[in-house]
Amino acid sequence: MPELVRYTVQDDVAIVTIDNPPVNALSPGVPEGIDAGVARAAADRAVKAVVLIGAGSTFIAGADIKVFGTIPNRDVSVDRSHRVHALLRRIEDCPKPVVCAIHGTALGGGLEFAMACHYRVAVPGAKVGQPEVLLGIIPGAGGTQRLPRLCGVATAVELCTLGQHIGAKRALAEGIVDHIVEGDLLAGAIAFALAKAAAGEVRKVREQEAKIADYGVAAAAIEAARASLKKTARGAHAPFAAIDAIAAGVQGGFDAGSAREIEIFADCVLSAESRNLIRLFFAEREAAKVPGVPKETATLEIRTAAVVGAGTMGGGIAMNYANAGIPVLLKESDQAALDRGLATIRKNYDNSAAKGKMTPEQVERVMSLIHPALTYEGFDQVDIVVEAVFENLDLKKSVFADLGRVTKPDCILASNTSTLDIDQFAHSSGRPASVIGHHFFSPANVMKLMEIVRGRESSNQTIATSLKLSKKLNKVGVVVGNCFGFVANRMLAYYMREAYLLLEEGASVPQIDKVMTGFGMPVGPFGMQDIAGIDVGARIRQYLRTIGATRAEGPESPVPDWLYEMGRYGQKTGAGWYRYEAGSRTPIPDPLIEELALKAAAERGIDRQPVADDEILSRIMVALANEGANVLEEHIAIRAGDIDVIYAYGFGYPRHRGGPMAYADSLGLTQVLAKVSEYRARLGDHWRPAPLLDRLAAEGNSFYGE
Ligand code: T1G
Ligand code: NAD
């Protein structure tokens, strides 16, 4: 059994080192080891102070998330929490100064252990946070009580409800950290601890009341947070639970607040919301592991890049590279298009600066990394090219033929195509092993998802390099197979099919969008299409008709193409499924859509009737899961978790619901299959159950159990 916590003495200071790779999680044995170390130091007459520090790349990154799945019931959770709270009090009650030395991250239980220490020092690059809400829980080891006492209620509420990690500089300014150590952390922490010992200073955070004393200020911060969460939580409960625990401590004091925290934590950790979010946490890490692509596969260094096409996507993709500090050539077909593309990039950065997210110097630095081009000059030097020209097969094939000619032999050739066959480009380039899809989502500089589309001959090196690069670009990379629309857009076609058909049957555009936002989607299907552009989908349907194909099996509603012919592309033309006042993004329902739906219904011989909200949600979600089952069966997606990660990051699918596949599992696949069969009988054969769904339902299995 490796020693998870080590005890050494240096310069009369006890060093308690946590060594539980990879992230020093508070796995069983770690809290106990820390407890024993501090107790030993307290009893050791030769020791004047204690330093708590992490071995490896980080301090404690929190409780061991894997353990949560083993909590059988509420009583066990409450009992475990009481034991952790008592343990942290023992650390806090140590008569000698206990200093926590932070590098890497101190997250969740890691920050809570740090706050039970009397002082916290950190290196400049350290990060701290209470990200528990991202797992559907709240801080469960006194964080909702000690944090407000260090940084005040407003900041504590912000950190506990948003779950973001903050840097050492801000943590110092907020009073969470007491000192920044430039140079060697351990030496700095020992010096700090000895100074406190010499001064006889021991400070218990639980006794610090100054920052929560003004009840009026605290209550106002709590109410303001509750009000803003009502707009942003999209149905998640944990953020509200975190506020309740903080409020209980502000109103009733540390002990009452701690008791409330323990109760609330128990409710959260056993909730479906937490199960979904924890499953998604591990699914995201699992997505980085691709069967057949060994972990040790050699990757190429990406130091320079190029993007072909500076339109909606090309510009955003170039920004991703510049944001990552990678110089990028941005090539267009003509000066006017190039100027337009650069102007959009500049506007995006100026908007970020206006919101205080970047300084003007930072804007100039990233802009200086984007090099406009009208020729392929310099392409022989770059490590990767991303193609983002019009979604036209022949055009892309000719661009890949050029790229095969002008780039160096090991340059990666990626395409941002939404739907087209990667293997055709690979062939044109003459270097299929280096060709791969890097499918970003609009807006490309914002959305975190990157579908990595492996072609028939994409090499393991190209795939592994793409996965590593996705992290460098601050994206979540998921490897998918090559088929029309890959995973995200292929399933989306069935999501949209049902939305269009429900409209023809009698539902309204605002009703359908309201049902989906009520479920937790950031925007409904029609609002989303108005953002992405009705023209993008229309051009894809036009291309498919030339090859006798459709996006989704079943009746194809003519309404979106009628809007396209009317030049109603959505927000970019001031009208689409909704109307928009000039300069506004607020959707205004348009009676014209009802007229078009009536006309389409008449053409299909449908008598439009009111449609219940339940029917809308069920049809759309069951269609998504059924096609997801086909995508899994065909190995276009490797795991159900990959699909859920794709939908969480690509379309903002509500994370607390786990994703389309986890949601189907929560309904029970027997139920889902019954719904598919019911719709098939009522609506037509296009509702054919996916063979995998059939089999899993028959086995009483689930997508995640598969
Ligand atoms: N528990 C168990 N495993 C963990 C873990 C954790 N807390 N954090 C990471 N791992 C695993 C992860 O699955 C992966 O495994 C490997 O470590 C590397 O992670 C009481 C209740 C720290 C910023 O939410 O945010 O404390 O795939 O790939 O990109 O109030 O991991 O290699 O097998 O993500 O460098 C709160 C979660 C817990 C932090 C590092 N803490 N972790 O990112 O590496 S709840 C968190 C992270 C809590 C208390 C409550 C990140 C990271 P594998 P990685 P990374
Ligand atoms: P767009 O029309 O906004 O931009 C395409 C750009 O390519 C234009 O500026 C055009 O001038 C330029 N171009 C055309 N031929 C060129 C050439 N030979 N050399 C250099 N530049 C050339 O289109 P977009 O929305 O940015 O889409 C680009 C690609 O990204 C398409 O394959 C599309 O399917 C895909 N995509 C789009 C979205 C989206 O939401 N818009 C999302 C994901 C992927």
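The values are calculated or read from the model by the stated rules, or taken from the named source; none is laboratory data. All figures in this text were calculated on a predicted structure; none of them were measured in a lab. Here the Cβ positions follow ideal geometry from the backbone for every residue, glycine too, while neighbour counts run over all protein chains shown. Side chains are part of the model used for accessible areas, which takes the heavy atoms of the whole protein and leaves out ligands, DNA and RNA. Shrake-Rupley method; radii C 1.70, N 1.55, O 1.52, S 1.80 Å.
The number of residues in segment 462-476 being of a type outside the set (A, V, I, L, M, F, W, C) and open to solvent by less than 10 Å² (accessible area, probe 1.4 Å) comes to 4. Determine whether segment 48-62 contains at least one residue that is at pLDDT 95 or above, over 24 Å from Gly125 (Cα atoms), open to solvent by less than 10 Å² (accessible area, probe 1.4 Å) and away from ligand 1 (no atom under 11 Å from the Cβ). Yes, because at least one residue in segment 48-62 is at pLDDT 95 or above, over 24 Å from Gly125 (Cα atoms), open to solvent by less than 10 Å² (accessible area, probe 1.4 Å) and away from ligand 1 (no atom under 11 Å from the Cβ).
Looking across segment 120-134 at every residue that is buried (at least 24 other Cβ atoms within 10 Å of the Cβ) and not small (Gly, Ala, Ser), the one that is farthest from ligand 2 (Cβ to nearest atom) is identified as Val121. Inside segment 607-655, residues that are surrounded by fewer than 22 Cβ atoms within 10 Å (Cβ to Cβ) and in a helix (DSSP H, G or I) make up a count of 8. The strands (runs of 3 or more DSSP E) found entirely in segment 305-424 that carry 1 or more residues being within 16 Å of ligand 2 (Cβ to nearest atom) and crowded, with 24+ Cβ neighbours inside 10 Å are 305-308, 328-331, 384-387, 412-415.
The residues of segment 20-42 that are in contact with a Ser or Thr (Cβ under 7 Å, 6 or more places away or on another chain) and in contact (Cβ under 8 Å) with a residue 40 or more places away in the chain, listed by number, are Val23, Asn24. Filtering segment 26-37 to residues that are over 14 Å from Val84 (Cβ atoms) and either open to solvent by less than 10 Å² (accessible area, probe 1.4 Å) or within 16 Å of ligand 1 (Cβ to nearest atom) (or both) leaves only Gly37. Counting the residues of segment 513-546 that are farther than 18 Å from Glu498 by Cβ, hydroxyl-bearing (Ser, Thr, Tyr) and more than 13 Å from ligand 2 (Cβ to nearest atom) gives 1. Within segment 540-562, being within 27 Å of Lys396 (Cα to Cα) and touching a Gly at 6+ places or on another chain (Cβ under 8 Å) holds for Arg551, Pro560. Of the listed requirements (1) out of contact with any Phe, Trp or Tyr (no Cβ under 6 Å at 6 or more places or on another chain); (2) touching a residue at least 60 places away in the same chain (Cβ under 8 Å); (3) away from ligand 2 (no atom under 16 Å from the Cβ), Arg568 misses just one: (2).
The helices (runs of 4 or more DSSP H) found entirely in segment 165-273 that carry 1 or more residues being surrounded by 15 or more Cβ atoms within 10 Å (Cβ to Cβ) and in contact with a strand residue (DSSP E or B) (Cβ under 6 Å, 6 or more places away or on another chain) are 168-174, 185-199.
Just so you know, in segment 285-304 the residues that are away from ligand 1 (no atom under 16 Å from the Cβ) and not β-branched (Val, Ile, Thr) include one that is most open to solvent (accessible area, probe 1.4 Å), and it is Arg303.
Segment 431-528 holds strands (runs of 3 or more DSSP E) entirely within its bounds, and those carrying 1 or more residues that are of a type in the set (D, E, K, R) and out of contact with any Ser or Thr (no Cβ under 6 Å at 6 or more places or on another chain) map to 449-454. Note on segment 618-646: residues that are hydrophobic (A, V, I, L, M, F, W, C) and under 13 Å from Leu501 (Cα atoms) amount to 2. Residue check: is Gly574 farther than 21 Å from Glu505 by Cβ, touching a Pro at 6+ places or on another chain (Cβ under 6 Å) and open to solvent by less than 40 Å² (accessible area, probe 1.4 Å)? For Gly574, the condition - farther than 21 Å from Glu505 by Cβ, touching a Pro at 6+ places or on another chain (Cβ under 6 Å) and open to solvent by less than 40 Å² (accessible area, probe 1.4 Å) - is not met.
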